[in-house]
Amino acid sequence: MTEKIGYNIKQVMQRLERAAQVSGRRASDVTLVAVTKMVDSDAARACLTYGVNDLGENRVQEFTRKFPAIPEARWHLIGRLQTNKVKEVVGKVCLIHSLDRWNLAEEIDRRYRQADLMAPVLLQVNISGEQQKAGIAPDDVEAFLDSVGQLKALKLKGLMTIAPQTENSEETRPIFRELCHLKNELALRRFENVEMEFLSMGMSQDFDIAIEEGANMVRVGSAIFSAAD
Ligand SMILES: *Cc1c(COP(=O)(O)O)cnc(C)c1O
C-alpha cells in the first residue's frame, strides 16, 4: 500500500514538475496538497514519508478524526464548511480553501478572534457559474474583498476554484486562465487583510493544466491514492 502511494506521488511530482516548467516556474513554486478524504490515517501519513507534508480534507468530521493521528502535517480544509463547524478547525488548519459566503467569513473571524489567532483563508470563486457549485461569482469578488478589511482576524491569502468535471480536461483550461487573470488583477490593488499569494486550482485529472495556467497550489486525491488501499 505504502509503496504504491510512493510510486503515485513520484508520478504526480513528475507531472507537476513538467507543468511548472511550461509556465516558467519550478516544482518548488507549487504546493501539492494530498487530498486524503478517500483513505485512512495510515495511508494519509504515508504521504509525509514521501515528502508531501500538506494534507487536505473536505469534511470537518473526517478532518477531526485524522488530525489527532497526524498533527504534524499541514492540514488544509478544502470542502464546504458549515458555520457551526468552524470552531472545530480553529488553530488546527494551515489554510481554509473554501470561504464561499459572507456569514461564514464573519463566523471564522469571530471564532479566531476568540482564540486570539489569525485565520488564513482562500476565497472560493465559482468561475463556471454552475448553480450547484459553491463560491462567489467573479463579479462579486471585488466587493467581498473590500469588506474583508472589517474582519480583523481574517487573512485572505488568495483564490480557489473547483472546475466542472469534464470528459476532456482541456475544456477546463479557460476556467483556470480566468481565475488566474482575476487574481493578477486583484493583486495590483490594495485591500486590507488581503494578500494574493495562493491560487488553489486543479485536481487529479487536470492539475497540470491548472499549473500551466498559474496555479501554485493543487489538490490531488485519486492520482495519489487510487489502487493504494
Ligand atoms: C476530492 C477533492 C479534490 C481531489 O479530487 P481528485 O480528483 O481525487 O484529485 C480536490 N478538491 C476538492 C475540493 C475535493 O473535494
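Send over a whole-number figure in Å² for the accessible area per residue of the chain, probe 1.4 Å. Walk me through the numbers on the way to the answer.
Working: 10820 Å² over 229 residues.
Accessible area per residue: 47 Å².
Considering only Cα-Cα distances, which of the following residue pairs are longer than 18 Å: Lys66/Lys87; Lys85/Lys157; Lys66/Lys92; Lys87/Lys183; Lys92/Lys155; Lys155/Lys183? Could you put the intermediate results ahead of the total?
On the way: Lys66/Lys87 16 Å; Lys85/Lys157 21 Å; Lys66/Lys92 11 Å; Lys87/Lys183 29 Å; Lys92/Lys155 15 Å; Lys155/Lys183 16 Å.
Table pairs above 18 Å Cα-Cα are Lys85/Lys157; Lys87/Lys183.
Take the Cα radius of gyration of the chain and divide it by 2.2 N^0.38 Å, with N its residue count; two decimals is plenty.
0.97
Report, by chain and number, residues whose modeled amide H sits under 5 Å from the one on Ser200, excluding near sequence neighbours (fewer than 5 apart, same chain).
Residues meeting the criterion, in which the H sits 1.01 Å from N, are Leu159, Met160, Thr161.
What stretch of the chain, leaving out the sites themselves, is the longest with no trypsin sites (Lys or Arg not before Pro) in a DSSP loop having at most 11 other Cβ atoms within 10 Å?
The segment 27-188 is the longest one with no such site.
Across every pair of different alpha-carbon atoms, what Kirkwood hydrodynamic radius in Å does region 67-185 reach? Numbers along the way, then the final one.
On the way: mean 1/r = 0.0660 Å⁻¹.
Evaluated over region 67-185, this radius sits at 15.1 Å.
Tell me which of Leu182, Gln82, Trp102 sits at the most positive position along the dipole axis of the chain, charges placed on C-beta atoms (Lys, Arg +1; Asp, Glu -1).
Result: Gln82, furthest along the dipole toward the positive end.
Counting other C-beta atoms within 10 Å, and keeping those with at most 11, which DSSP coil GluC sites (Glu not before Pro) do you find in region 15-107?
Working: sites: Glu17, Glu57, Glu62, Glu72, Glu88, Glu106, Glu107; in loops: Glu72.
Sites meeting the loop and neighbour criteria: Glu72.
For the chain, which whole-number percentage of the solvent-accessible area (1.4 Å probe, protein heavy atoms only) is attributable to carbon and sulfur atoms?
On the way: 4830 of 10820 Å².
Within the chain, the accessible surface is 45 percent carbon and sulfur.
Per-residue ellipticity at 222 nm for the chain, helices alone: DSSP H runs ≥ 4 residues times -39500 (n - 2.57), over residue total, nearest 500 deg cm²/dmol?
Theoretical 222 nm ellipticity from helices: -11000 deg cm²/dmol.
Could you please report the charge total around Lys183, scoring K, R as +1 and D, E as -1 over all other residues with beta-carbon less than 14 angstrom from its beta-carbon?
Computed value for this residue: -3.
What GluC sites (Glu not before Pro) does region 137-182 have in DSSP loop regions with at most 16 other beta carbons within 10 Å?
The qualifying sites are Glu167.
The values are calculated or read from the model by the stated rules, or taken from the named source; none is laboratory data. What you see is a predicted model, and the numbers here were worked out from it, not measured in a lab. No Cβ is skipped: glycine too gets one built from the backbone with ideal geometry, and neighbour counts run over all protein chains shown. SASA here: full protein model, heavy atoms, side chains in, ligands and nucleic acids out. Shrake-Rupley method; radii C 1.70, N 1.55, O 1.52, S 1.80 Å.
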